[in-house]
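Report on the structure given below.
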């Protein structure tokens, strides 16, 4: 196939490009060239998708079998891309998010769950990330003159991760010593490797699939305890996990999800965070590697990359993940005192 990837130099986009090239596809990437390095073997076209002249220059008199859009965050901008590519591609695959669903992460969701209300021409200030993702989906579904496929991943991990969730834990474990471990170690999680998501996205694009897929990994494919233990094992450190319950962490002002990445307290706000239903994707061929392998390979990538402290920017921002060490020590001391 002749595939256009909008994005294609960072994290999931890079995984999709590498997998597509491995399968023998011809790949064109369209991006600004500011935050990632082109994968060898692609035809790289520089441009900003927010600039209609750049879109016109990309398209010219060309056509592709499929477009895979991995970096659409604003409905109006995605709509401009759709309009420019109409008549120049047979299919449009859009990578969205579980956040497009109105009830996630508070409830269990599947493809039939209601999505956030958002117009297909909404602008950046018209809603948060999840609301705008729903609008992006509608821009593709409603306006593209060909097959449309919406891929809705959950928490993506793996090599090239630029959000920094798994890298933050790996760096912390590598330091060793007593490590603040959040909540219930038996709390089941549902994670997906970017390479498995890339393979499934290409499988369904190649098959001419249409519609939507929740692609959040295999249900309960790890626990918080197993995931953090895998981080300790991968780094080979002497880190000692000290488990502190949700209530105590909240009382001490720890921010869920970011200060202790992927920590979701047992509360109504996060009741469905690890319960998306990926059964449709699994029935149609989604295969997920063990989370331990994802952790191991991410650590190998970080080491090969020279242990970078500043990951590539995500949506124009440097994301800070992980708790301040002084705050961590203070909470552990308070926990020790309470447990004495």
Is it true that some residue in the stretch 61-72 is at pLDDT below 95 and farther than 23 Å from residue 207 by Cα?
yes
Could you check, for the stretch 27-35, whether at least one of its residues is out of contact with any strand residue (DSSP E or B) (no Cβ under 8 Å at 6 or more places or on another chain), crowded, with 24+ Cβ neighbours inside 10 Å and closer than 27 Å to residue 281 by Cβ?
no
Do we have residue 282 as touching a residue at least 12 places away in the same chain (Cβ under 8 Å), more than 18 Å from residue 173 (Cβ to Cβ), surrounded by 13 or more Cβ atoms within 10 Å (Cβ to Cβ) and under 26 Å from the mean Cα position of the chain (by Cα) here?
yes
Being within 15 Å of residue 93 (Cα to Cα) and in a loop (DSSP other than H, G, I, E, B) is the filter; apply it to the stretch 1-35 and report the residue that is modelled with the highest pLDDT.
1
Residue 218 passes all but one of the listed conditions (1) surrounded by 20 or more Cβ atoms within 10 Å (Cβ to Cβ); (2) under 22 Å from the mean Cα position of the chain (by Cα); (3) more than 30 Å from residue 74 (Cβ to Cβ); the exception is number (1)
Under 7 Å between Cβ atoms, at least 6 apart or on separate chains: pull out the pairs that start in the stretch 161-182 with a residue that is modelled with pLDDT under 95 and end on any residue that is surrounded by fewer than 20 Cβ atoms within 10 Å (Cβ to Cβ) and part of a strand (DSSP E or B).
162/314; 163/314
Can we say residue 250 is crowded, with 19+ Cβ neighbours inside 10 Å and touching a residue at least 12 places away in the same chain (Cβ under 8 Å)?
no
Which of the residues spanning the stretch 262-308 are assigned to a helix (DSSP H, G or I) and more than 15 Å from residue 231 (Cα to Cα)?
268, 269, 270, 279, 280, 281, 282, 283, 304
When the stretch 281-312 is examined, which residues are found to be within 16 Å of residue 236 (Cβ to Cβ) and touching a helix residue (DSSP H, G or I) at 6+ places or on another chain (Cβ under 7 Å)?
292, 295, 296, 298, 299, 302
Applying the selection to the stretch 150-185, what residues are assigned by TED's automatic domain parsing to the domain that holds residue 21 and over 12 Å from the mean Cα position of the chain (by Cα)?
150
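The values are calculated or read from the model by the stated rules, or taken from the named source; none is laboratory data. Please read these numbers as outputs of a predicted model, since none were measured by experiment. Neighbour counts run over all protein chains shown; Cβ positions are idealised from the backbone, glycine included.
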